[in-house]
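Nothing in this text is a laboratory measurement; each read-out follows from the coordinates by a stated rule. In this text, all values refer to a predicted model and were calculated from it rather than measured experimentally. Note that each Cβ is placed from the backbone with ideal geometry, even for glycine, and that neighbours are counted across all protein chains shown.
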Amino acid sequence: MDSPTSAKPRHPPKRSRTLAPATALSQQVGGHAGVQTTEDESLLLKPALPREITFYQLVRDIADASTGLHLLKEWIPKFFGVLNLEGKLADPGSGDVDLGGIPTIIPTSDSNSGSNGPSQTLVLENLIHGYRKPCILDVKLGTVLYDEDAPEAKKARMIKTAKETTSFQTGVRLTGFQVYSNFSPDPIAHGKAYGKSLKPEQLHEGIEHFFPCCLSASPESNSAAGLPPDTLLPLLTSVHASLTSLRKALEGAHLRMVGGSVLIVYEGDWERAAASLGHPEECRLYTVALIDFAHTQVVSEGPDRGVLKGMDTLLYLVDKRRKDVAELVANREVQSHA
Ligand SMILES: Nc1ncnc2c1ncn2[C@@H]1O[C@H](COP(=O)(O)OP(=O)(O)OP(=O)(O)O)[C@@H](O)[C@H]1O
Ligand SMILES: [Mg+2]
């Protein structure tokens, strides 16, 4: 997995030992409000329910291969522990993370959201740390969007939502995404309404909007989002390869994952993206990870078939995008020689 454009984040974030106040995560594309980062933006603070905390602890502590959970370790954000009320880390994460420099963190009051919401805060690796222009897509996986123990009314509501969106038929829903133009400092956001409005046969349009191809290198004539084709094509090939490996890991894991997502991040800054192809040790081109385990449970048998269906859909869509971009480039070359 430590390939040049690896999906796996590799440099442990540098941290000071001073107090670190938290601020809202500015580049959040999906989910509920309340996710925060430390001031240096290297760590993510997520208010979490016990089930999600248990999942991170299970993966950290896994000693045998019977559940296949160990296969997921390289695909989930590094787990640094759980914040206690004094802002200190309780129950620190696994031995392979550098805990030496973890500061005391002061979460703001809205990270612990009242009597009904989560009362504990997970400290995780911020997967977008280090990107200059992070293009981010949250793809919700699975055909079943409710917990087995949910009240009947909630189950009925979630079945309806799955059927009215792409989830039930394809195992994916585009929860939200943002992309950049190389010529503008601000991201272009697509919220949850867009992904909910798509029909299964329109999903490829969503993927096209997330991986736009910018064919003009002139800032005056083009404010369009996207990478140039010579960076976009290798990116799509690498993302596809990572998703294939992730699917394999999920196939071996005995899980029921409800409402979990694949997060895809790539560098939207042309200079940095091109540099990462030539010097991958200096900056990342992309990251593929699994996030959001608020409703994930370990089971005695077999993978989550709805999640695998979603991975197959996503693999198909990314491959289609790669072929479409290759064709676009080929046609353009033919035209320019005509
Ligand atoms: N480790 C991470 N690094 C960077 N960004 C993240 C990370 N985890 C989550 N995010 C961002 O926060 C958003 C919401 O996260 P997540 O899906 O875990 O929460 P949620 O959907 O609100 O969860 P829950 O179902 O537990 O309420 C994601 O769409 C993504 O933009
Ligand atoms: Mg989510």
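Convex hull volume of the Cα atoms of the stretch 254-338, normalised per residue: 136 Å³.
The protection proxy used here, the mean number of other Cβ atoms lying within 10 Å of each residue, ranks peptides 271-279, 140-148 as follows, highest first: 140-148, 271-279. Couplings 3J(HN,Hα) of the stretch 73-80, computed from phi: 3, 6, 9, 10, x, 4, 9, 9 Hz, in residue order, whole Hz [Karplus 6.51 cos²θ - 1.76 cosθ + 1.60, θ = phi - 60°; x for Gly and Pro]. What whole-number distance in Å separates the alpha-carbon centres of the stretch 144-158 and the stretch 315-338? Spelled out, the Cα-based centre of one part sits 42 Å from the other.
Arranged from fewest to most other beta-carbon atoms within 10 Å of their beta carbon, Cys283, Cys135 become Cys283, Cys135. Near the amide H of Ala22, within less than 5 Å, lie the amide hydrogens of Ile106, Thr108, all on another chain or at least 5 residues away, with H placed in the peptide plane. If you take all other residues with their beta carbon under 14 Å from the beta carbon of Glu201, and give Lys and Arg +1 and Asp and Glu -1, the sum is 0. Leu43's amide H: which non-local residues (gap 5+, or another chain) put their own amide H closer than 5 Å, with H modeled 1.01 Å from N in plane and none for Pro or chain starts? Correct list: Thr38, Asn126. The 3J(HN,Hα) values that the Karplus relation (6.51, -1.76, 1.60; θ = phi - 60°) gives for the stretch 325-336 are, in residue order, 5, 4, 5, 4, 5, 4, 4, 5, 5, 4, 4, 6 Hz. Gly and Pro appear as x. In this structure the amide hydrogen of Gln120, modeled in the peptide plane, comes within under 5 Å of the amide hydrogens of Ala48, none closer than 5 places in sequence on its chain. Taking the inverse of the mean reciprocal distance over all distinct Cα pairs, the Kirkwood hydrodynamic radius of the stretch 134-337 comes to 18.0 Å.
The label-point distance for Lys154 and Glu74, in a model that sets each label 7 Å from Cα toward Cβ, rounds to 3.5 nm. Could you derive backbone 3J(HN,Hα) for the stretch 274-283 from the dihedral phi with the Karplus parameters 6.51, -1.76 and 1.60 (θ = phi - 60°), listing whole Hz in sequence and x where the residue is Gly or Pro? Karplus values, whole Hz, x for Gly and Pro: 5, 4, 5, 6, x, 10, x, 6, 8, 8.
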